[in-house]
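First comes the structure, then the notes that go with it.
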Amino acid sequence: MQELSPDALSEQLRDDEEGPLVLDIRHEAEFEEWHVPGSVNVDVYDELTEDPDRAEPALSELPEGSEIVTVCAAGVVSQTATDVLRELGYDAVTLADGMSGWSRVHRHAEVPADLDGTLVQVARPGKGCLSHVLVSDGEAAVFDPSHYLGEYDAVLDEYDAELVGVFDTHAHADHVSGAAELADRHGVPYSLHQKDALDATPIEDGQVVTVGGLDVEVVHTPGHSEGSVSFDVGGAALLTGDTLFHESVGRVELGVEAGIEDADVEGNAATLYESLRRLLDRPDDAVVLPAHDPGSPEPPVAATLGEVKRRNADLDRDRESFVAALASDVPDHPPNFERVKRTNVGRESVPAAELAELELGPNNCAAE
């Protein structure tokens, strides 16, 4: 079997301007919803599963001379595509575990911020997720980690830092949080606002958490969820979770539709409007670091609050139009968001073997 690991593909796409030709053989609708950036779609899934010879005409039209990496959901049907391509004379390999494998890839890089310490952004390109590790004077705190914990341990080792706390900005709806498990492994508190937490150390508005030589202020910014918070890191960075993105804001109906919140969408939108006003009062040179990026993020994904004010059209709306827009324009939901949300607030327990499949798919936590 000729395979390429997801991490190896990630490095090739980052480091090689030419890169391989990434061929996605899934149905067009699945490809349009979620795919490896820069990949091309040749929808021969049915042909490959029913009679691989029928896929040859379409596959034989691919350009010659470059390595081809085939992709499907789990790396099974794409292996058949690889076999057909190799019989046709192409240099082809299969992306191991397909899009499921791509979803596990993580990358990290330092964030440019004027801090007495270091902020490391951990990006998960297959999900559009962003998490952060704050390091100061030998101590570290992790914010919004995925449940793939190896990357965070690697960052702690790289910076020779002792973990002192793990935080979530909110109970996520698009991916399973690894915060509680990471905290348990290191014997440190896992903290979340009490409106979103059933089994976590509660944090509240105005509370100051110390990491090494840095003070981190908790800013309660509900709307996306009742317990959403942002973290003001030394006045130089804002970890805004799903409250404020660079070009959008958090959607407001997920907790209601998941049966988690006893609230209404219009009320949540009005609450989010007020939360955003609190953030906009912060210094314009503070670096805004959300928990998601709509594309396939290459860290660091960062912009100053002043830049976000200029780029983000949602921030120009008055209260009435803001509430009307968010309450009426509801984009596609994240996959399995009800179960993901219930898992993250402690209302459902999902076996570890099922976590990857539960959260598989695109991130859809921003309003459109």
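Being assigned by the TED database to the domain that holds P294, of a type in the set (K, R), at negative phi and at pLDDT 85 or above is true for just one of R347, R319. Which residue is that? Reasoning before the result, please.
Working: R347 fails: at pLDDT 85 or above.
Going through R347, R319 in turn, just one is assigned by the TED database to the domain that holds P294, of a type in the set (K, R), at negative phi and at pLDDT 85 or above: R319.
Confirm whether S230 is surrounded by 23 or more Cβ atoms within 10 Å (Cβ to Cβ), assigned to a strand (DSSP E or B) and in contact with a strand residue (DSSP E or B) (Cβ under 9 Å, 6 or more places away or on another chain). Can you show your working first?
On the way: surrounded by 23 or more Cβ atoms within 10 Å (Cβ to Cβ): yes; assigned to a strand (DSSP E or B): yes; in contact with a strand residue (DSSP E or B) (Cβ under 9 Å, 6 or more places away or on another chain): yes.
It is true that S230 is surrounded by 23 or more Cβ atoms within 10 Å (Cβ to Cβ), assigned to a strand (DSSP E or B) and in contact with a strand residue (DSSP E or B) (Cβ under 9 Å, 6 or more places away or on another chain).
Mind checking whether some residue in segment 121-134 is farther than 24 Å from H170 by Cα and touching a residue at least 40 places away in the same chain (Cβ under 8 Å)?
Just the residues of segment 121-134 that are farther than 24 Å from H170 by Cα, to begin with: none.
The answer is no, given that none of the residues of segment 121-134 is farther than 24 Å from H170 by Cα and touching a residue at least 40 places away in the same chain (Cβ under 8 Å).
Does any residue in segment 1-12 that is touching a residue at least 40 places away in the same chain (Cβ under 8 Å) and within 14 Å of T70 (Cα to Cα) come within less than 7 Å, Cβ to Cβ, of a residue that is hydroxyl-bearing (S, T, Y) and outside any strand (DSSP E or B) six or more places away or on a different chain, and which pairs are these?
Q2/T82
For R311, state whether it is of a type in the set (D, E, K, R), open to solvent by 30 Å² or more (accessible area, probe 1.4 Å), modelled with pLDDT of 90 or more and under 30 Å from L115 (Cα atoms). I'd like the intermediate steps shown before the answer.
Values: of a type in the set (D, E, K, R): yes; open to solvent by 30 Å² or more (accessible area, probe 1.4 Å): yes; modelled with pLDDT of 90 or more: yes; under 30 Å from L115 (Cα atoms): yes.
Spelling it out, R311 is indeed of a type in the set (D, E, K, R), open to solvent by 30 Å² or more (accessible area, probe 1.4 Å), modelled with pLDDT of 90 or more and under 30 Å from L115 (Cα atoms).
From the list V22, V36, V44, exactly one residue is of a type outside the set (G, A, S) and over 23 Å from the mean Cα position of the chain (by Cα). Which is it? Full working, then the answer.
Values: V22 fails: over 23 Å from the mean Cα position of the chain (by Cα); V36 fails: over 23 Å from the mean Cα position of the chain (by Cα).
Residue meeting the stated conditions: V44.
Scan segment 147-162 and report the pairs whose first residue is touching a residue at least 24 places away in the same chain (Cβ under 8 Å) and whose second residue is surrounded by 12 or more Cβ atoms within 10 Å (Cβ to Cβ) and among the acidic types (D, E), with Cβ atoms within less than 7 Å and a gap of 6+ or a chain change.
Once the first residue is touching a residue at least 24 places away in the same chain (Cβ under 8 Å) and sits in segment 147-162, its partners that are surrounded by 12 or more Cβ atoms within 10 Å (Cβ to Cβ) and among the acidic types (D, E) give H147/E181; L149/E181; A161/E139; E162/E139.
Just to be sure, is L238 among the hydrophobic types (A, V, I, L, M, F, W, C), over 20 Å from H147 (Cβ atoms) and open to solvent by less than 30 Å² (accessible area, probe 1.4 Å)?
Values: among the hydrophobic types (A, V, I, L, M, F, W, C): yes; over 20 Å from H147 (Cβ atoms): yes; open to solvent by less than 30 Å² (accessible area, probe 1.4 Å): yes.
Here the answer is yes, as L238 does meet what is asked.
Does segment 274-282 contain at least one residue that is surrounded by 20 or more Cβ atoms within 10 Å (Cβ to Cβ), over 17 Å from the mean Cα position of the chain (by Cα) and polar (S, T, N, Q)?
Yes, because at least one residue in segment 274-282 is surrounded by 20 or more Cβ atoms within 10 Å (Cβ to Cβ), over 17 Å from the mean Cα position of the chain (by Cα) and polar (S, T, N, Q).
Looking only at segment 166-177, decide whether some residue is touching a residue at least 12 places away in the same chain (Cβ under 8 Å), open to solvent by 30 Å² or more (accessible area, probe 1.4 Å) and over 16 Å from P222 (Cβ atoms). Working first, answer last.
Of the residues in segment 166-177, the ones touching a residue at least 12 places away in the same chain (Cβ under 8 Å) are 166-177.
So of that shortlist, the ones also open to solvent by 30 Å² or more (accessible area, probe 1.4 Å) come out as none.
Scanning segment 166-177 turns up no residue that is touching a residue at least 12 places away in the same chain (Cβ under 8 Å), open to solvent by 30 Å² or more (accessible area, probe 1.4 Å) and over 16 Å from P222 (Cβ atoms).
Of everything in segment 198-221, what is assigned to a loop (DSSP other than H, G, I, E, B) and open to solvent by less than 20 Å² (accessible area, probe 1.4 Å)? Give them in sequence order. Spell out how you get there, then give the answer.
Applying the first criterion (assigned to a loop (DSSP other than H, G, I, E, B)) to segment 198-221 yields 198-200, 204-207, 212-213, 221.
Matches in segment 198-221: T221 only.
Residue by residue, here is whether (1) in the same structural domain as V340 (by the TED database); (2) out of contact with any Gly (no Cβ under 6 Å at 6 or more places or on another chain); (3) not β-branched (V, I, T) holds:
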{"position": "A141", "(1), (2), (3)": "yes, no, yes"}
{"position": "L156", "(1), (2), (3)": "yes, yes, yes"}
{"position": "V176", "(1), (2), (3)": "yes, yes, no"}
{"position": "E181", "(1), (2), (3)": "yes, yes, yes"}
{"position": "P189", "(1), (2), (3)": "yes, no, yes"}
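The values are calculated or read from the model by the stated rules, or taken from the named source; none is laboratory data. Keep in mind that what you see is a predicted model, and the values were worked out from it rather than measured. Cβ sites come from the backbone with ideal geometry, for glycine too, and all protein chains shown count toward neighbours. Side chains included, ligands, DNA and RNA excluded: accessible areas come from the protein's heavy atoms. Shrake-Rupley method; radii C 1.70, N 1.55, O 1.52, S 1.80 Å.
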